[in-house]
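Beneath this line is the structure, given in structure tokens, with notes to follow.
The values are calculated or read from the model by the stated rules, or taken from the named source; none is laboratory data. Fair warning: this is a prediction, and the values are worked out from it, not measured in the lab. Please note: Cβ atoms are built from the backbone with ideal geometry, for glycine as well, and neighbour counts cover all protein chains shown.
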Amino acid sequence: MINRLAIEHGREVILHFTIKLTDNSVADSTKMSQKPAKFRMGDGNLTANFEACLVGMKAGESRSFELPPEDAFGQPNPDNIYQVDRTKFGFDESLEIGQIFTFPQPDGTELPGIVRAKNEQFVTIDFNHPLAGQTVIFEVDILEVNP
């Protein structure tokens with residue numbers, strides 16, 4: 001028997017999701033790995049706007065919703081774009097525009113950055129979320145809702 005609890009703050013949710021851009025290209029999906037996402041509503045794994053779209057849904061339900069940049073991953077912030085001296089990379093020939101690098105942070109986490117430009121001296125790294133500035137279509141299939 002399927003649990004019929006509705007999604008609300010504090011409940012554990014297991015779901016499959018697909019994030020698409022407006023051109024229908026897939027930006028991310030749990031279906032590729034066949035490993036659903038598991039999180040607790042309000043734990044910070046999803047933005048408040050994404051969570052608001054899930055409230056009231058139950059196991060077995062599917063939904064698709066479109067979110068503008070302000071409600072999804074935000075607009076790009078020019079303060080998150082940095083020029084880094086090429087010598088900091090330790091290698092040079094393989095730097096490609098669009099390449100993603102991770103940069104270690106003092107707290108042990110890693111921050112991804114995308115190479116946006118390069119010249120003789122500097123590499124321009126964009127630390128904005130890769131989907132910043134994009135309208136996204138969020139498709140969800142709710143598998144479980146637990147207390």
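State yes or no: is F17 assigned to a strand (DSSP E or B), out of contact with any Lys or Arg (no Cβ under 9 Å at 6 or more places or on another chain), aromatic (F, W, Y) and closer than 21 Å to L131 by Cβ? Talk me through it step by step, then tell me what you get.
Details: assigned to a strand (DSSP E or B): yes; out of contact with any Lys or Arg (no Cβ under 9 Å at 6 or more places or on another chain): no; aromatic (F, W, Y): yes; closer than 21 Å to L131 by Cβ: yes.
It is false that F17 is assigned to a strand (DSSP E or B), out of contact with any Lys or Arg (no Cβ under 9 Å at 6 or more places or on another chain), aromatic (F, W, Y) and closer than 21 Å to L131 by Cβ.
State which residue is modelled with the lowest pLDDT when the search covers only segment 130-146 and only residues that are hydrophobic (A, V, I, L, M, F, W, C) and within 9 Å of R63 (Cβ to Cβ).
Top of the filtered list is F138.
Give the residues of segment 23-82 that are surrounded by fewer than 15 Cβ atoms within 10 Å (Cβ to Cβ), in contact (Cβ under 8 Å) with a residue 40 or more places away in the chain and part of a helix (DSSP H, G or I), sorted by residue number.
N80
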